[in-house]
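Encoded as structure tokens, the structure appears first; notes follow it.
Just so it is clear, none of the values below were taken in a lab; they were calculated from the coordinates. Predicted model only: the values in this text are computed from it and were never measured. Here Cβ is always computed from backbone atoms with ideal geometry, including for glycine, and neighbour counts include all displayed protein chains.
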Amino acid sequence: MPDPFDLVRSAASVEQVLSLCKRKGRVLLLLQNNPDPDGIASALALRNLIHDRINKRAVIGYGGICGRAENRAMLQLLRIEAHRITPEELGRFGTLCLLDTQPQSGNNALYATRPADIVIDHHLRPRRATWQAQFVDLRPEYGATATILYEYLLCAQILVDTNLATALTYGILSDTQDLGREVSPADTAAFLALFPTADKKKLARMRHASVPPEYFRMLHDSLNDCVVAGSAVITQIRGGTSPDMIAEVAELMLRLRGARTSVCYGVCGNTIHLSARATDARGNAYRGMKRVVSRLGTGGGHLTMAGGQIPLDEDPEKRLAQVRTRILKVFAHGKESKPLLRLEEATDDH
Ligand SMILES: [Mn+2]
């Protein structure tokens, strides 16, 4: 059986990453604004690697809020320290490493203030992206950034303890929908190697973390406002919400029988956040998202999962209506939309 890992590439990457981290000043491992288990696990792995090999303590940071109950439980149960970082604070670090996100994706704290030195990620790189970094390891064929970092740990012969194995296992499972979506042989091999060491009780506690009543309020709002148009499910969360919840609802609604794509959106602060999911690559959530945010905001992701952000202007209602029109045009062109909760029994083939 061919080796699923690219250890030649990873060994070279480890040396390059470490030599950039050796520079004067502190090292920041910067995640998405709303860091997910894959990003958090990748940061923990790289933090351990840097500490073991060059005896430096890297800081794990993110720009937004770590809101999703599962992700907060992960930080707490695995005792991972992650800090909220503002764009102004980026200048205080000697080495800036983006993990599980890219410059110009619009979903991290990196603006024009400071270029990234290192980028390690598995999202698609937009054709028009013009950013530069001193070292880049992009593997869009991988299901999780955690798998790239697992290869680094193998090459650097870093001991993977229970805590780190639990984090990486959870990162891989959550980004690949339990190894069922956009997964590469490397992801499966990494999972198989890590799972025996992972703490299964903690895994279960993270995956089924308790949620506040507000969670169900948002869920209720989203169901009330959900429409089905052709094979697309489109959901708006009208009350206040969080980017994490928008992603979660997009994921949930894709389970509707007959659905092939799902889009959820809502306002968080002064930005419209969007999340799209597709049952398979033909749904091309990535291209759909790019078209919806075109000239209004930023977006990116994968063929089956994508995200976007559009800043609100002086007329928020008008902008929201414009976004809705675009979503319908891109994901459900020419299809009549019907409220989910009033779908006729006749359409149910039970
Ligand atoms: Mn990821």
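If one puts a single equal scatterer on every Cα of segment 7-207 and applies the Debye formula without solvent, what log₁₀ I(q)/I(0) results at q = 0.10, 0.14 Å⁻¹? With one equal scatterer per Cα and no solvent, log10 I(q)/I(0) is -0.36, -0.73.
Between TYR215 and HIS51, the modelled label-to-label distance comes to 2.9 nm, taking each label 7 Å out from Cα in the direction of the beta carbon. If you build a Gaussian network model of the chain, linking Cα atoms that sit under 10 Å apart, which residue out of ASP137, ASP199, ASP313 swings the most? Highest fluctuation among the options: ASP313.
Put a plus charge on the Cβ of each Lys and Arg, a minus charge on the Cβ of each Asp and Glu, and nothing anywhere else: the dipole of segment 7-207 about its Cα centre is then about 520 debye. Spacing of the modelled spin labels on ARG92 and ALA129, each 7 Å from Cα toward Cβ, amounts to 2.7 nm. If you take the alpha carbon atoms of segment 214-341 and fit the smallest convex hull around them, that volume is 91 Å³ per residue.
In the chain, the DSSP beta bridges split such that about 50 percent are antiparallel, to the nearest 5. Here the calculated FRET efficiency for ALA204 and LEU341, from their Cβ-Cβ distance with R0 = 30 Å, stands at 0.40, rounded to the nearest 0.05.
Remark: segment 214-341 carries a charge dipole of roughly 640 debye about the Cα centre, counting +1 on each Lys and Arg Cβ and -1 on each Asp and Glu Cβ.
Per the Debye calculation on segment 100-180 with a single equal scatterer at every Cα and no solvent contribution, log₁₀ I(q)/I(0) for q = 0.14, 0.26 Å⁻¹ amounts to -0.55, -1.25.
Cross-link partners of LYS24 among lysines, defined as those whose alpha carbon lies under 23 angstrom from its own and excluding same-chain residues fewer than eight positions apart: LYS56. Taking a ≥ b ≥ c as the square roots of the eigenvalues of the Cα gyration tensor, segment 100-250 is oblate, since a/c reaches 1.5 or more and a/b is not larger than b/c. Histogrammed with a bin width of 10 Å, the alpha carbon distances of segment 149-210 distribute as 22, 55, 22, 1 percent, first bin at zero.
Among beta bridges identified by DSSP and lying wholly in segment 214-341, the antiparallel ones come to about 80 percent.
Any idea how far the Cα center of segment 179-252 sits from the one of segment 70-95, in Å? Taking the Cα centre of segment 70-95 as reference, the centre of segment 179-252 is 21 Å away. When only the Cβ of Lys, Arg, Asp and Glu is charged (+1, +1, -1, -1), the dipole of the chain relative to its Cα centre reaches about 680 debye. Based on Cα contacts under 8 Å between residues 6+ apart, the chain shows a relative contact order of 14 percent. Suppose R0 equals 56 Å. What FRET efficiency, 1/(1 + (r/R0)^6) with r the Cβ-Cβ distance, do LYS24 and ALA281 give to the nearest 0.05? Plugging the Cβ-Cβ distance into 1/(1 + (r/R0)^6) gives 0.80. Each listed q (0.16, 0.19, 0.22 Å⁻¹) maps to a log10 I(q)/I(0) for segment 67-141, found by the Debye formula over equal Cα scatterers with no solvent: -0.69, -0.91, -1.09. Using just the Cα positions, wrap segment 204-279 in a convex hull and report its mean projected area in square nanometres, one decimal place. Directional mean of the projected Cα hull area for segment 204-279 stands at 5.4 nm².
Taking the fewest neighbouring Cβ atoms within 10 Å as the starting point, the ordered list for THR145, THR197 is THR197, THR145. Across the options VAL330, THR147, ALA278, the greatest Cα extent toward the positive end of the charge dipole of the chain (unit charges at beta carbon of Lys, Arg, Asp, Glu) belongs to VAL330. Under conditions of 20 °C and 1.002 mPa s, segment 1-115 yields 144 µm² s⁻¹ as its translational diffusion coefficient, taking Rh as the Kirkwood radius over Cα pairs in the Stokes-Einstein equation. Rg over Rh for the chain works out to 0.97, using Cα positions for both radii and the Kirkwood form for Rh.
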